[in-house]
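So the structure is just underneath, and the comments pick up after that.
Just so it is clear, none of the values below were taken in a lab; they were calculated from the coordinates. Values in this document were obtained by computation on a predicted structure and should not be read as measured data. Please note: Cβ atoms are built from the backbone with ideal geometry, for glycine as well, and neighbour counts cover all protein chains shown.
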């Protein structure tokens with residue numbers, strides 16, 4: 001052990017503190033879990049010691065794997081009741097609250113700047129961005145890494161950074177744009193317009209497309225690290241949000257036409273590890289996903305259940321309702337729950353049958369359908385819609401006009417992507433339906449609730465930040 005990993009002693013992992021991040025950050029060496037994956041050392045701030053971490057392919061790749069491990073461990077991404085999936089579903093009309101005070105702000109849309117889950121999501125997204133920026137700086141300054149590995153790690157880093165900024169800008173609006181590890185510059189960073197954030201997202205994803213491989217060989221064949229398909233799929237989503245219909249269709253088509261991806265015929269196979277529908281998954285450190293653990297009910301709900309408003313949106317005969325929704329009853333009541341993941345508890349990672357889904361192919365069909373409608377391609381949009389509906393056991397859409405088709409597409413997104421990554425919460429905002437849909441459901445709803453508040457701790461630490469309206 002010591003001889004094999006003695007170079008770990010040289011690896012420095014930093015203390016850092018942005019104005020918005022007051023936590024200790026470590027670069028995790030996921031390649032070596034038997035050593036607990038990381039080594040802590042003393043300051044300085046601002047830079048990884050590139051002469052140790054970036055001297056060769058092995059060290060740099062281990063550091064990149066550490067970034068993925070932190071995503072897996074992060075409450076933002078995969079860990080249950082603090083995740084974007086959970087809080088986005090609570091903020092929208094998908095989930096109902098049973099936990100009480102910890103989630104009431106999201107459920108009733110009465111958040112304040114002191115909310116600890118708002119704060120943790122902000123911090124963890126920026127911590128990931130910091131790690132990625134440190135990786136990019138280390139790669140640019142290194143002469144000991146082969147060009148192939150350097151391209152791979154740069155592409156992965158930029159794709160992950162774009163992913164984080166996508167959620168930051170859609171949850172908070174204008175946010176600080178951080179691309180360096182310089183402490184003084186970051187400490188007083190001001191908010192940048194949404195348009196400027198999207199410029200970086202687009203740039204990162206286009207570069208990632210060019211740098212990343214098409215296959216998953218760098219992840220031993222598993223779909224647990226980003227590749228060219230991931231960057232392309234995210235790019236299609238970003239273009240959709242920007243209403244760039246031509247590019248949204250083009251990028252979605254690239255993914256759909258890639259033979260590596262296909263819709264699984266059986267809905268119960270979609271979320272299995274490395275399913276053919278998978279574009280990107282995260283491999284957890286236990287044998288179950290946190291979504292499965294928190295959503296599947298074996299007793300009266302302690303955290304959440306599905307809302308009645310979601311249950312009533314499914315058409316008669318929709319297989320998604322029968323395959324992706326579970327039901328639990330006792331002498332107290334009856335509740336429905338998300339059942340996309342079938343395993344609630346399995347401590348042994350070697351027995352894992354499911355990985356946590358980040359991006360999958362079905363979304364790309366719905367992106368392309370919407371983009372085609374907006375360009376007047378009615379038959380093309382119908383074709384994409386019907387592919388999704390056919391798998392769900394439904395007949396072809398009867399929608400003919402652009403208005404009718406968009407209504408059907410928004411409905412299909414609701415019943416296909418429920419309880420996944422806050423899609424419903426973000427969709428309602430981007431199509432300007434938040435007030436219409438959530439207003440009647442939530443007595444305290446206000447138009448400014450579409451954005452979460454900037455954490456108060458960040459405002460206190462950085463005089464150049466200002467609060468979102470309504471808080």
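Brief remarks on what is shown
- Length released on extending from residue 257 to residue 286, taking residue separation times 0.36 nm less the Cα-Cα span: 7.1 nm
- Angle between the chain longest axis and helix 194-211 axis [Cα atoms, degrees, rounded to 10]: 70 degrees
- Centroid-to-centroid, using Cα positions, region 386-425 and region 122-148 are 38 Å apart.
- Label point distance in nm, residue 217-residue 266, each placed 7 Å from Cα along Cα→Cβ: 3.1 nm
- Here the gap between residue 448 and residue 313, fully extended at 0.36 nm per residue and compared with their Cα-Cα distance, gives a gain of 46.0 nm.
- Axis of helix 57-73 versus longest Cα principal axis of the chain: the two differ by about 40°, to the nearest ten degrees.
- Length gained on full extension, residue 199 to residue 246: 15.2 nm, using 0.36 nm per residue less the C-alpha separation.
- Rounded if a/c under 1.5, otherwise prolate or oblate - region 226-439, Cα gyration tensor axes: oblate
- Nearest 10 degrees, 0 to 90: helix 228-241 Cα axis against the chain principal axis: 60 degrees
- Calculated FRET efficiency, residue 140 to residue 331, Cβ-Cβ distance, R0 = 56 Å: about 0.35 to the nearest 0.05.
- Inter-centroid distance (Cα atoms) of region 251-273 relative to region 339-357, Å: 20 Å
- Cβ crowding within 10 Å, taken as a proxy for footprinting-reagent exposure, orders 180, 117 from fewest neighbours to most as 180, 117.
- Neighbour counts of C-beta atoms inside 10 Å place 232, 128, 448, 334 in the sequence 334, 448, 128, 232, starting with the fewest.
- Annotation for residue 187 and residue 348: the two label points, set 7 Å from Cα along the Cα-Cβ direction, are 5.1 nm apart.
- Relative contact order [Cα under 8 Å, 6+ residues apart], the chain, whole percent: 18 percent
- Separation of the residue 110 and residue 98 label points, Cα + 7 Å toward Cβ, nm: 2.2 nm
- Relative contact order computed over region 226-439 (Cα-Cα under 8 Å; 6+ residues apart), in percent: 23 percent
- Rounded, prolate or oblate (a/c below 1.5 giving rounded, otherwise prolate when a/b exceeds b/c) for region 269-357 by Cα gyration tensor: oblate
- Relative contact order of region 75-206, taken over Cα pairs closer than 8 Å and 6 or more residues apart, is 19 percent.
- Packing-based exposure ordering (other Cβ within 10 Å, fewest first) of 218, 288, 108: 108, 218, 288
- Judged by the ratio a/c of the largest to the smallest principal axis of the C-alpha gyration tensor, region 176-228 counts as prolate, that ratio being 1.5 or greater while a/b is larger than b/c.
- FRET efficiency, 1/(1 + (r/R0)^6) with R0 25 Å, evaluated for residue 401 and residue 435 via beta carbons: 0.55
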